[in-house]
Amino acid sequence: MASAIATALPARPGHAPTPRANRDPAWARWLLTAVALAFLAFFLVLPIVVVFAQAFAKGGAYFLAAVREPDALAAIRLTLLTVAIVVPANVVFGVAAAWAISKFKFTGKSLLTTLIDLPFAVSPVIAGLIYVLIFGAQGWFGPWLIAHNIRVIFAVPGIVLATTFVTFPFVARELIPLMQAQGTDEEYSAVTLGASGWQTFWRVTLPNIRWGLFYGVILCNARAMGEFGAVSVVSGHIRGETNTMPLHVEILYNEYNIAGAFAVASLLALLALATLVVKSAVEWRQTGSA
Amino acid sequence: MSPTALPPRRGTYPPSFRTMSSARSSRSILPGFGLSLGFTLAYLGLIVLVPLSAAFLKTAGMGLHEFAAVVASPRVVAAYKLSFGASLAAGFVNMVFGLVVAWVLVRYPFPGRKLVDALVDLPFALPTAVAGIALTSLYSSNGWVGRWLAPLGIRVAFTWTGVFVALTFIGLPFVVRTVQPVLQELEPDIEEASSTLGANRLQTIVRILIPQLMPSLLTGFALAFARALGEYGSVVFISGNMPMRTEIVPLLIITKLEQYDYRGATAIAVVMLVSSFVLLLLINLLQKWSRRYHAI
C-alpha cells in the first residue's frame, strides 16, 4: 500500500540517493560486492567460458567437423523438429488457459492454476517415466501399439510428449498474471462495440500480451531445446534417429570425444546466451514503458 | 498469483494494479469461456494428469510389502540420503549467497550491474547436460579449478562435493529472483527510523531487514531445494554415479528402467512425487504468508 503511494510521489528533492542512516560502511560495500561477484564468477562465468574454450581446444577445423558430422546434423534436425511441435502446442494451451483464468470467474480457479504449475515440481526423469508407463512395451497401450506397429517410446512421438510435459507451464504462467493485471475493460469495450470473440482476441488482447507471450515462447524454446532428463528416458539413444542435441553431447562425452561434445554443447550454450539477451531486452523494454 | 516454481519477473506490474482488477466482480459478457476452459482441461488432463496418475496406479498394484522392500532397500535409501542431503546443502548455500547477490544488485550500484543481473538467469537457460560437462571439466583433477584443489587433497568431481556443486549451480537464480523484488520494495523509512532510535547498522539488519526478507528467503530456498531434488542432467556427469555413494535418486530411477524393473522405478518415483507435491504445497503457503506480510 505504502509503496504504491511512495512511487506515485515525486522523488524527494535535495536528498541524497540513499539516506545516510541506511548507508553501509565502505569496507562492507566493497566486501559484499566482491563476495557476490566472486561467487557468480565461480558458478556462472567459469562454466560458460570453459564450454567455449574446450569447444575450440582442437582448433576451428575440428569444431566445424564435429558440428557438421551427419549424426550431429541429425540431432540438430530432431531438436528443431521437437521444438517446432512443442512450442506452438504450449502457446495455444497457454493462451487458452490464460483467457479462461483471467477473463472469467469460476470455482476451482486457484486449483487449476496450481495444477498448471505441477510439471515444474516433477523431476524430468519422472516426466519421462510416466510416458513409458503408458506407451512403453509393458505399458497401458503397449500391446495395442505393438499390434498396430506404432512406436511412441524410443521414437519421436515420445520425445515430443516428454518435452511438452516439461515445458508445459512456461507460456501459461507468463500470460496469466499479465492478463489478470490488464483486466477485461478493453475486451468489454470491443465486444460492446460489436466485435466478435475472435476479432476481440486478435485485435485487442493479442497486441496487449504480445511481449509477455514472446517472453514465454523464448523460455519455453530454451528449455525445449535443452531438455535432457525427460528425453533421455524416452529416446532410446539411437544415433542419427532419436538423439537430440543434448543426448548427442552425452554420447560424445561418454566416448571421450571431449572436444566434439563441447563443440555441440557450445551451440546450446550460444542458444542460452541468446535467450538471456532477448529476455533482458524484453524486461528492460517493459520496465521502461511501465 | 500463481505458485511460483520459477522466480517471479521483476518490476513489471505494480501491485496496486493487480488488486484493483481482481477486486472486480461481475459476470462476464466475453465469449470463449467454454472453448478455452474445455481445451485447457483436456490438454492438462492428457499431458499431465493422466500420465502422472499412471505412476500412482502402477504402485497401487504393487502391494505394501513389495513397495516397502523397494523403497527401503539400502541402495535406494543411500540415494535418498544423497539427494536430500546435497539438495539441502545447496539450497542453504544459495540462500546465503543469493541474499548477498540480491543485496549487492539492489543496493550497491557498480559498473556492469545490468550485465551481472542478466547473467544470474544463466542456470535456467543453459541446458543441464551442457552445465554438467562444463562443471565436470572444471572440477576434475586436471581441470581449471580441480588442479588447484587436488594438491590440497580436495576432490570435487565424482564425490559428494561434486553433486553439491552441480546442485548449487542449478539452484542459484531462485533465491536471488525471489528476494530481489522484495528488497526493491522495502521502505527506507523503517531502516531510518531504526537507526534514529539508536540501533546500530548490524542491529537494523538483523532485527529489521532480515525478518522482512524471511518469507522470500524461505520461498527461494524451497524452490531451489525442490529443483535440486529432481535434477538429473547437470549431476550425472560430475557425480561419477557409484552405487551407495554418488548415485542420486533420478539416476537410480533410470538404472531401474534400463533393467526393465518398471515397478521398482515407479515406486522410487512415487516417493519423489509425493515429496515434490508436499514441497509445492509448502511453497504455496509460504507465498501466501509473504503476500500477507507485505500487505501490512
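The values are calculated or read from the model by the stated rules, or taken from the named source; none is laboratory data. Bear in mind the structure is a predicted one, so any value in this text is a computation, not a measurement. Counting neighbours? That spans all protein chains shown, and the Cβs are built from the backbone with ideal geometry, glycine included. Protein only, heavy atoms only, side chains kept; ligands, DNA and RNA dropped before computing areas. Shrake-Rupley method; radii C 1.70, N 1.55, O 1.52, S 1.80 Å.
Residues of the range B:126-148 being open to solvent by less than 10 Å² (accessible area, probe 1.4 Å) and either facing chain A (nearest Cβ under 7 Å) or at pLDDT below 90 (or both), which ones?
B:LEU126, B:PRO127, B:ALA129, B:VAL130, B:ALA131, B:ILE133, B:ALA134, B:LEU135, B:LEU138
Assuming A:ASN243 fulfils every condition listed in (1) open to solvent by less than 40 Å² (accessible area, probe 1.4 Å); (2) within 16 Å of A:ALA96 (Cα to Cα) apart from one, which condition is it?
Just one mismatch for A:ASN243, condition (2).
Hey, among the residues in the range B:38-91 that are aromatic (Phe, Trp, Tyr) and within 14 Å of another protein chain (Cβ to nearest Cβ), which one's farthest from the chain's Cα centre (by Cα)?
Filtering the range B:38-91 for residues that are aromatic (Phe, Trp, Tyr) and within 14 Å of another protein chain (Cβ to nearest Cβ), the one farthest from the chain's Cα centre (by Cα) comes out as B:PHE39.
Do the conditions hold for A:PRO177, that is, is it farther than 16 Å from A:SER235 by Cβ, in contact (Cβ under 8 Å) with a residue 40 or more places away in the chain and either facing chain B (nearest Cβ under 8 Å) or surrounded by fewer than 24 Cβ atoms within 10 Å (Cβ to Cβ) (or both)?
No.
Are any residues in the range A:196-230 over 11 Å from the mean Cα position of the chain (by Cα) and within 10 Å of chain B (Cβ to nearest Cβ), and if so, which ones?
Passing the criteria: A:SER196, A:GLY197, A:TRP198, A:THR200, A:PHE201, A:THR205, A:TRP211, A:GLY212, A:PHE228, A:GLY229, A:ALA230.
Among the numbered criteria (1) surrounded by fewer than 20 Cβ atoms within 10 Å (Cβ to Cβ); (2) in contact (Cβ under 8 Å) with a residue 12 or more places away in the chain; (3) aromatic (Phe, Trp, Tyr); (4) within 8 Å of another protein chain (Cβ to nearest Cβ), which single criterion is violated by B:PHE110?
Against the list (1) surrounded by fewer than 20 Cβ atoms within 10 Å (Cβ to Cβ); (2) in contact (Cβ under 8 Å) with a residue 12 or more places away in the chain; (3) aromatic (Phe, Trp, Tyr); (4) within 8 Å of another protein chain (Cβ to nearest Cβ), B:PHE110 comes up short only on (2).
Could you check the range A:20-48 and list, in sequence order, the residues that are loosely packed, with under 15 Cβ neighbours inside 10 Å and assigned to a helix (DSSP H, G or I)?
Scanning the range A:20-48 gives A:ARG20, A:ALA26, A:TRP27, A:ALA28, A:TRP30, A:LEU31, A:ALA34, A:ALA38, A:ALA41, A:VAL45.
In the list B:PHE164, B:PHE169, which residue meets the criterion of being modelled with pLDDT of 95 or more, crowded, with 21+ Cβ neighbours inside 10 Å, in a helix (DSSP H, G or I) and touching a Phe, Trp or Tyr at 6+ places or on another chain (Cβ under 9 Å)?
B:PHE169 is the lone residue from the list that is modelled with pLDDT of 95 or more, crowded, with 21+ Cβ neighbours inside 10 Å, in a helix (DSSP H, G or I) and touching a Phe, Trp or Tyr at 6+ places or on another chain (Cβ under 9 Å).
Keeping to the range B:32-59, report how many residues are among the hydroxyl-bearing types (Ser, Thr, Tyr) and farther than 16 Å from B:LEU273 by Cβ.
Final tally of qualifying residues: 3.
Can you name the residue in the range A:94-138 that is within 7 Å of chain B (Cβ to nearest Cβ), part of a helix (DSSP H, G or I) and more than 30 Å from A:VAL156 (Cα to Cα) and, of all such residues, is modelled with the lowest pLDDT?
It comes out as A:LYS103.
Looking at this structure, is A:ALA98 open to solvent by less than 20 Å² (accessible area, probe 1.4 Å), in contact (Cβ under 8 Å) with a residue 40 or more places away in the chain and under 27 Å from the mean Cα position of the chain (by Cα)?
It is true that A:ALA98 is open to solvent by less than 20 Å² (accessible area, probe 1.4 Å), in contact (Cβ under 8 Å) with a residue 40 or more places away in the chain and under 27 Å from the mean Cα position of the chain (by Cα).
If you take the residues of the range A:271-288 that are closer than 19 Å to A:GLN182 by Cα and charged (D, E, K, R), which of them is modelled with the lowest pLDDT?
The extreme case among them is A:ARG285.
Looking at the range A:251-266, can you tell me whether even one residue there is under 22 Å from A:THR167 (Cα atoms) and open to solvent by 30 Å² or more (accessible area, probe 1.4 Å)?
no
Pairs please, first residue from the range B:187-200 and under 13 Å from A:ARG23 (Cα atoms), second anywhere and open to solvent by less than 30 Å² (accessible area, probe 1.4 Å) and among the hydrophobic types (A, V, I, L, M, F, W, C), Cβ atoms under 8 Å, 6+ apart in sequence or on different chains.
B:GLU191/B:LEU209
Considering only residues of the range A:57-73 that are closer than 21 Å to B:LEU126 by Cα and in contact (Cβ under 8 Å) with a residue 12 or more places away in the chain, which is most open to solvent (accessible area, probe 1.4 Å)?
It comes out as A:ALA57.
Can you tell me how many residues within the range A:234-290 are β-branched (Val, Ile, Thr) and more than 8 Å from every other protein chain (Cβ to nearest Cβ)?
Residues flagged as β-branched (Val, Ile, Thr) and more than 8 Å from every other protein chain (Cβ to nearest Cβ) within the range A:234-290 amount to 8.
Looking at the structure I just gave you, is A:ILE251 closer than 26 Å to B:PHE124 by Cα, out of contact with any helix residue (DSSP H, G or I) (no Cβ under 7 Å at 6 or more places or on another chain) and among the β-branched types (Val, Ile, Thr)?
Answer is yes for this residue.
Are any of the residues in the range A:38-53 more than 12 Å from chain B (Cβ to nearest Cβ), in contact with a Phe, Trp or Tyr (Cβ under 8 Å, 6 or more places away or on another chain) and in contact (Cβ under 8 Å) with a residue 60 or more places away in the chain?
No, the range A:38-53 contains no residue that is more than 12 Å from chain B (Cβ to nearest Cβ), in contact with a Phe, Trp or Tyr (Cβ under 8 Å, 6 or more places away or on another chain) and in contact (Cβ under 8 Å) with a residue 60 or more places away in the chain.
Select from the range B:27-69 the residues that are in contact (Cβ under 8 Å) with a residue 40 or more places away in the chain and among the aromatic types (Phe, Trp, Tyr) and write down the one among them that is most open to solvent (accessible area, probe 1.4 Å).
Among those residues, the one meeting the criterion is B:PHE56.
Can you report the number of residues in the range B:243-281 which are touching a residue at least 60 places away in the same chain (Cβ under 8 Å), open to solvent by 60 Å² or more (accessible area, probe 1.4 Å) and away from every other protein chain (no Cβ under 11 Å)?
3
Evaluate the range B:119-135: report whether one residue or more is farther than 30 Å from B:MET242 by Cα and assigned to a helix (DSSP H, G or I).
The answer is yes, given that some residue of the range B:119-135 is farther than 30 Å from B:MET242 by Cα and assigned to a helix (DSSP H, G or I).
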